[in-house]
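The values are calculated or read from the model by the stated rules, or taken from the named source; none is laboratory data. Fair warning: this is a prediction, and the values are worked out from it, not measured in the lab. Glycine also receives a Cβ, built like all others from the backbone with ideal geometry; neighbour counts cover every protein chain displayed. Remember, those area values only see protein heavy atoms, side chains included, never the ligands or the DNA or RNA. Shrake-Rupley method; radii C 1.70, N 1.55, O 1.52, S 1.80 Å.
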Amino acid sequence: MAELPIIYSFRRCPYAMRARLAIAASGQQVELREVVLRDKPEEMLIASPKATVPVLILPDGSVHEESLDVIDWALGQNDRENWLGFSADQLDEMRGLIRTLDGPFKASLDRYKYENRFDGVSARAERDKGSEFVRELDQMLTGKTYLYGETFSLADGAILPFIRQFAHVDKEWFWAQDWPNVLRWLEAFLVSDRFASIMKKYPKWQAGDASTVFPGD
Ligand SMILES: N[C@@H](CCC(=O)N[C@@H](CS)C(=O)NCC(=O)O)C(=O)O
């Protein structure tokens, strides 16, 4: 068997989730190495001293250490589900939306989720800030199955894992909010076979383990 790319991943990390979603969508296979964040393997740190997951290492030794770069690599191999099948303007807009998600929304999500790790932060105020973005998504989803129409796009794949995380902080509150389109969109994602396929549980990887091919059966 040809040597597979290696991905260092952590099951519940939304950045790693978006990367795994794109890899699954592209039909590529990789060797998955499950990481425990407080005990990262030497092999990963040597390849990527920045020490965040996901990290993708190609057989030629090149390293992709940003989740969006991993997505671009996967879709560059084969965008068989047409995640990028949109106009240049729409793709620019998607990338802008993802920047807002990765920037201000993620900052609020972290402060909402881990209030006591930050000085002078109010979880409620951060939840309110994050909610503005969720409401924007709700508007976009009006009358549409996905953010950009009837097919799953780059924006859906990159954003959904983070909305799931936002919802998880206080599920009762989140699912009681008046953003019906977002609830429908997130629910459909959470019950999908694709989501199940990227959320399989793997033991922590260590050198010498037999390789785990992702996506598996
Ligand atoms: N900009 C990076 C962010 C990745 C990131 O922050 N991942 C988190 C886990 S969700 C991480 O590895 N943090 C390092 C740590 O917790 O030690 C990307 O898009 O890949």
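Couple of notes before you dig in:
- Placing pseudo-labels 7 Å out from each Cα toward the beta carbon at Ile46 and Arg80 gives an inter-label distance of 3.4 nm.
- Karplus-derived 3J(HN,Hα) values for region 155-166, using 6.51 cos²θ - 1.76 cosθ + 1.60 with θ = phi - 60°, are 5, 4, x, 6, 9, 3, x, 7, 5, 4, 5, 4 Hz; glycine and proline are entered as x.
- Its alpha carbons considered, region 88-193 gives a radius of gyration followed by a Dmax of 13.8, 43 Å.
- The chain has equivalent-ellipsoid semi-axes of 29, 22, 15 Å, by the square roots of 5 times the alpha carbon gyration tensor eigenvalues, sorted largest first.
- Using θ = phi - 60° and Karplus 6.51 cos²θ - 1.76 cosθ + 1.60, couplings along region 122-133 (whole Hz; Gly, Pro as x): 9, 4, 4, 5, 5, 4, 4, 5, x, 5, 4, 5
- Probe 1.4 Å - accessible area at Leu68, Å² to nearest ten: 50 Å²
- Ordered by solvent-accessible area of protein heavy atoms (1.4 Å probe), largest first, the residues Lys204, Lys129 come out as Lys129, Lys204.
- Cβ-defined net charge surrounding Ser122, 14 Å radius [Lys, Arg +1; Asp, Glu -1]: +1
- A Förster radius of 30 Å, combined with the Cβ-Cβ distance separating Leu190 from Leu58, puts the computed FRET efficiency at roughly 0.45.
- Net length available on complete extension from Ala125 to Ala210 is 25.9 nm, with 0.36 nm assigned per residue and the Cα-Cα distance removed.
- Sparsely packed GluC sites (Glu not before Pro) within region 125-185, loop by DSSP, other Cβ within 10 Å at most 16: Glu150
- For Ser48, net neighbour charge (Lys/Arg +1, Asp/Glu -1) across residues whose Cβ lies under 13 Å away: -2
- Where Val121, Val70 fall by accessible area, highest first, once all protein chains stay in place (1.4 Å): Val121, Val70
- Annotation: the antiparallel percentage among DSSP beta bridges lying fully within the chain is about 65.
- Per-pair calculated FRET efficiency, R0 = 25 Å: His168 and Asp72 via Cβ, rounded to 0.05: 0.40
- Solvent-accessible surface of protein heavy atoms, probed at 1.4 angstrom with all chains present, puts Asp60, Asp102 in the order Asp60, Asp102, largest first.
- Under-15-angstrom lysine pairs by C-alpha in the chain, whenever the two are 8 or more apart or on separate chains: 5
- A DSSP coil position with no more than 14 other Cβ atoms inside 10 Å describes the following trypsin sites (Lys or Arg not before Pro) in region 42-118: Lys50, Arg80.
- Charge tally for Thr142 (other residues, Cβ to Cβ under 14 Å; Lys, Arg +1; Asp, Glu -1): -1.
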